[in-house]
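So the structure is just underneath, and the comments pick up after that.
The values are calculated or read from the model by the stated rules, or taken from the named source; none is laboratory data. Everything numeric in this text was worked out from a predicted model, so none of it was measured. In this analysis, Cβ positions are derived from the backbone assuming ideal geometry, glycine residues included, and neighbour counts consider all displayed protein chains. The protein model used for the area step is the full one, side chains on, heavy atoms only, and it has no ligands, DNA or RNA in it. Shrake-Rupley method; radii C 1.70, N 1.55, O 1.52, S 1.80 Å.
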Amino acid sequence: KKAAMALAELILNQYAKDSLDIIAFGNDVWPVTIEELPYLKVGPYHTNTLGGLQLARHLLQRKKHANKQILMITDGKPSAMYENGKLYKNSFGLDRKIVNKVLNEARACRKESITITTFMIAQDPYLKQFVEEFTEANQGKAFYTGLKGLGQMIFEDYEKNKKKNIR
């Protein structure tokens, strides 16, 4: 929450032409306003990474900005998705059915020139392997970190990307 609030402050004050949409994803996926962010509660949910990415991509499709990117902060593995209107979930290991759908969505974002930068705040080797596969599918970037220093990493990446696209 703190990192998202700080990023919102940066964008509103220094990059007023940019926009920021915040999406929370657990079992369900929902947009969160900047005003709601301090009160956002996370709980013992599964991680519907697919739904979060799909909503982000659909929101970005409507934007006129040249630089479209998703900054995804996650501490979990993709463990849920909606299939035929029902929540399909599996907390045990990496479910290839879910993982393959997430990788397909990463590729769909890449085809639409939407880059994804993943900030992974877990250190499990099998989750790192998933993030590497995900990053390759999108041709994005991944940072492996803990909560300490996360905000600074996000700022640096955002600023670096802004400078790269201004030239």
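Just the residues that are among the charged types (D, E, K, R) and farther than 22 Å from Asn67 by Cα, please, taken from the range 86-132.
Of everything in the range 86-132, those that are among the charged types (D, E, K, R) and farther than 22 Å from Asn67 by Cα turn out to be Lys86, Lys89, Asp95, Arg96, Lys97, Lys101, Asp124, Lys128, Glu132.
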- Query: What is the number of the single condition among (1) under 18 Å from Ala122 (Cα atoms); (2) out of contact with any helix residue (DSSP H, G or I) (no Cβ under 6 Å at 6 or more places or on another chain) that Lys77 does not meet?
  - Reply: (2)
- From the option list Lys17, Lys63, Lys68, single residue qualifying as open to solvent by 60 Å² or more (accessible area, probe 1.4 Å), more than 24 Å from Gln129 (Cβ to Cβ) and of a type outside the set (A, V, I, L, M) is Lys17
- Could you figure out which of (1) at pLDDT 85 or above; (2) under 19 Å from the mean Cα position of the chain (by Cα) isn't true of Arg96? (2)
- Query: Can you list the strands (runs of 3 or more DSSP E) found entirely within the range 40-148 that contain at least 2 residues being polar (S, T, N, Q)?
  - Reply: 68-74, 114-120
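Consider Arg96 carefully, then state whether it is open to solvent by 80 Å² or more (accessible area, probe 1.4 Å) and of a type outside the set (Phe, Trp, Tyr).
The answer is yes for Arg96.
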- Right, Tyr88: crowded, with 16+ Cβ neighbours inside 10 Å, within 25 Å of Gln129 (Cβ to Cβ) and among the aromatic types (Phe, Trp, Tyr) or not? yes
- Query: Quick check: anything in the range 83-104 of a type in the set (A, V, I, L, M, F, W, C) and in contact (Cβ under 8 Å) with a residue 60 or more places away in the chain?
  - Reply: yes
- Do any residues in the range 37-55 that are surrounded by 22 or more Cβ atoms within 10 Å (Cβ to Cβ) have Cβ atoms under 7 Å from those of residues that are aromatic (Phe, Trp, Tyr), where the two are at least six apart or on different chains, and which pairs are they? Thr47/Phe25; Asn48/Phe25; Thr49/Phe25; Gly51/Phe25; Gly51/Tyr82; Gly52/Phe25
- Just one of Glu105, Glu112 is acidic (Asp, Glu), at pLDDT 90 or above and under 27 Å from Met5 (Cβ atoms); which is it? Glu105
